[in-house]
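Following: one structure in structure tokens, then a few remarks.
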Amino acid sequence: MNTREENKQLSDLATQVYLDQNTEITSTLPEFSGEYADFVQNMTAKGVVIGKLAEDKRGVAEGKGNLREKAVEKGLLLSKKLVAFAKRNRNAILAKEASVPRLIRLPDIELHGKLIALRVLGEAHKEEAAAFGVNAALLTEVETTTGAYFDAIPMPRLSISDKKALNKDLKDLQKKCDENLEVIDAIVDTVKDEQASFHAEYFNVRKIIDSGKRHLAVIIQVNEAGSGAGIKSVKLEISGQAEPGTKEGTDLTKTVKRTSDMGGCRIKGLQNGTYTLKASKVGYAVQTATMYVNEGELTRVMMELSKN
């Protein structure tokens with residue numbers, strides 16, 4: 001896959017995650033369910049093709065059985081935590097995607113693809129599901145054990161003709177996904193007035209696809225010291241200086257946000273520069289942090305607040 005294809009895939013996944021998180025609204029949209037089901041099916045098929053292209057490896061390693069057991073163990077742990085988070089938030093689609101009751105019985109290649117899919121789900125919901133134990137440490141363990149297990153699977157290299165066929169399949173499936181999203185765009189546009197916030201956020205996500213650039217600049221997660229639970233309604237004040245040469249100049253207006261029920265906050269459109277982040281809430285000690293924003297890069301900030 002080239003950079004453009006990788007950006008497309010990440011963008012499509014971001015759109016899928018956003019729609020999965022808003023089933024209460026999407027379930028009321030006319031003709032949405034059928035088109036979205038088709039989109040998910042095409043995304044799944046595209047993921048299989050991408051997985052096959054990534055499997056262009058060879059060789060056999062010792063101890064594949066042990067490596068498989070470790071990968072399955074971590075995958076089941078992540079699945080359990082994601083399902084718990086999904087059920088708590090009444091997200092039936094995510095619960096179904098994260099549920100893997102037959103994981104241990106899957107053949108090698110299918111198991112590898114499922115473990116990757118679980119990690120992608122974990123990354124997508126890491127901020128919101130932090131209180132359920134979906135964190136960077138667990139996701140790293142899943143990635144590491146999956147990689148070690150994959151390296152132990154004996155696979156012949158793909159032939160040139162096989163690669164050409166898979167790349168053609170990838171392009172065809174991407175075209176189908178684009179067509180699905182074009183229809184979904186039109187459906188979402190019908191509720192511009194009734195669901196203004198959902199409509200605006202959806203098309204912000206879709207702008208990533210149109211431009212191939214990352215619009216999401218910063219993800220902030222605020223947890224309670226000790227328990228690790230996310231803290232909602234924390235006031236976030238962001239101020240700083242942009243780098244010289246930005247179109248808005250060097251003086252930046254202070255941005256004030258609030259964290260979600262799970263303690264997370266996503267901020268878009270920040271210019272390159274160094275920022276000071278101040279987190280405050282009644283009953284907790286104020287905390288500050290410095291964060292750096294670079295074009296095309298996603299900045300993640302983790303903060304802990306201690307009770308007074």
Exercise. Conditions: (1) without any contact (Cβ under 8 Å) to a residue 12 or more places away in the chain; (2) under 22 Å from residue 104 (Cα atoms). Residue 168 meets all but one. Number of the miss?
Worked result: (2)
Problem set entry | residue 231 surrounded by 15 or more Cβ atoms within 10 Å (Cβ to Cβ) and modelled with pLDDT under 80 | no
Exercise. If you go through segment 155-205, how many residues are out of contact with any strand residue (DSSP E or B) (no Cβ under 8 Å at 6 or more places or on another chain), closer than 21 Å to residue 6 by Cβ and not charged (D, E, K, R)?
Worked result: 11
For this session: Output the number of the condition that residue 39 fails; it satisfies all remaining conditions of (1) surrounded by 18 or more Cβ atoms within 10 Å (Cβ to Cβ); (2) modelled with pLDDT of 90 or more; (3) more than 18 Å from the chain's Cα centre (by Cα).
Result: (3)
Exercise. Residues 184, 160, 109: which one is within 20 Å of residue 9 (Cα to Cα) and of a type in the set (Val, Ile, Thr)?
Worked result: 184
Problem set entry | Qualifying residue in segment 267-290 (condition: touching a helix residue (DSSP H, G or I) at 6+ places or on another chain (Cβ under 8 Å) and either within 20 Å of residue 136 (Cα to Cα) or in contact (Cβ under 8 Å) with a residue 12 or more places away in the chain (or both)) | yes
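The values are calculated or read from the model by the stated rules, or taken from the named source; none is laboratory data. Just so it is clear, the structure is predicted and the values come from calculations on it, not from any experiment. Virtual Cβ from ideal backbone geometry, glycine too; neighbours counted across all protein chains shown.
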